[in-house]
Structures are given as C-alpha cells and as structure tokens.
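Heads up, the thing below is written out as structure tokens.
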Amino acid sequence: MDKQPLNEQNFENAVKSYQPKPPYVMNCIKAFIVGGLICVFGELLSQMYIHWFDYNEENAMNPTVATLILLAALATGFGVYDKLGQFAGAGSAVPVTGFANSITSAALEHKSEGLVLGVATNLFKLAGSVIVFGVVAAYVLGIFRYLWSLIF
C-alpha cells in the first residue's frame, strides 16, 4: 500500500472513515416529541389556571410560564433536566424550560463561590443579555410602530 504524506486533506479523509454517522432522523423525532410534550404540559397548566383559578385566557399565560420555569429550575437542581436534555437535544432547549435550565445550571455551577458572587452573578450572566436584548428590541420595534402610525 502506498503511504501518502499526511496533510490536512488526507487527515480529514482518514478521520471521516472512523466517525460514526449521527442519527439525524431519530434526533429530530426525539426533539419533536419531547418539545411537544413540554408544550402540551404547558397547555394543560394553562387550562388548569383557567378552569380552577378563574383566570381568563390572556392572564393564564403568566402563571403558566412561571410554573414551567419553576419546575424546570427544580428539575435542573435535581439533575433530571440534564438527562432529559441529553435524550431530547433541542426539544428540551427550545421551550421556556430550556432557558430556565440554562440560567439555573449556570448558577449551580458556581455555588461554591458563595451566594452573591457565585450564584447571583452567574445566574444573570446568560439571562442579563437575553433580557437586555428583549428590552432593546421591544424599544426599537415600538419606535418603528409609532413612526409607522404617524405616516399611515
């Protein structure tokens, strides 16, 4: 067998032959099912708030989201949400529960540094940028909407 000199292209070709093929279809199915089940659970919570606690459809969304965030944070603290994320991939990361998981896991990662400098500062490391982006985007879109109403 003729040995070729090892360069970048030859190395990539040699490595590709040993890499396992990712199961894209199965990953998509698992993400779809788990993400859908999280959303179905959220809808059940919403209906519970509407029928048991006399919220209307608009106002039931606030406690629903808060409950989903609380449950995801608790599941992260107990290590359950990490296993769900390993199984479902993006299906567990896309809903609001994925955001709660990322905030809680960042805070738990630094709990040895103390309550203020560890947990509190790292809790808002991710959330701070998301909240700032949301506020700035809402402000800019509000200005565009106001200008649009003046023109038309």
Fill in: Check on Asn59, part of a loop (DSSP other than H, G, I, E, B) and either modelled with pLDDT of 95 or more or surrounded by 10 or more Cβ atoms within 10 Å (Cβ to Cβ) (or both)
yes
Discussion item. Looking at region 13-40 only, could you name the residues that are free of Cβ contacts under 8 Å to residues at least 12 places away in the same chain, under 28 Å from Tyr81 (Cα atoms) and assigned to a helix (DSSP H, G or I)?
Written reply: Tyr24, Val25, Met26, Cys28, Ile29, Leu37, Val40
Worksheet item: Which one of these is of a type outside the set (Val, Ile, Thr), under 29 Å from Pro23 (Cβ atoms) and in contact with a Lys or Arg (Cβ under 8 Å, 6 or more places away or on another chain): Gly89, Gly42, Gly98?
Response: Gly89
Item to complete: Kindly indicate the residue of region 70-128 that is touching a residue at least 40 places away in the same chain (Cβ under 8 Å) and outside any helix (DSSP H, G or I) and also surrounded by the most Cβ atoms within 10 Å (Cβ to Cβ) among those meeting that condition.
Response: Pro95
Discussion item. I'd like to know if region 1-19 contains one or more residues that are surrounded by 12 or more Cβ atoms within 10 Å (Cβ to Cβ) and among the hydrophobic types (A, V, I, L, M, F, W, C).
Written reply: no
Discussion item. Every residue in region 42-56 that is among the hydrophobic types (A, V, I, L, M, F, W, C) and either part of a loop (DSSP other than H, G, I, E, B) or out of contact with any Leu (no Cβ under 8 Å at 6 or more places or on another chain) (or both), please.
Written reply: Leu44, Met48, Ile50, Trp52, Phe53
Worksheet item: In this structure, does Gly89 turn out to be modelled with pLDDT of 80 or more, at positive phi and of a type outside the set (D, E, K, R)?
Response: yes
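The values are calculated or read from the model by the stated rules, or taken from the named source; none is laboratory data. Quick caveat: nothing in here was measured; it's all calculated off a predicted structure. Neighbour counts are summed over all protein chains in view; Cβ atoms, including those assigned to glycine, are modelled from backbone coordinates with ideal geometry.
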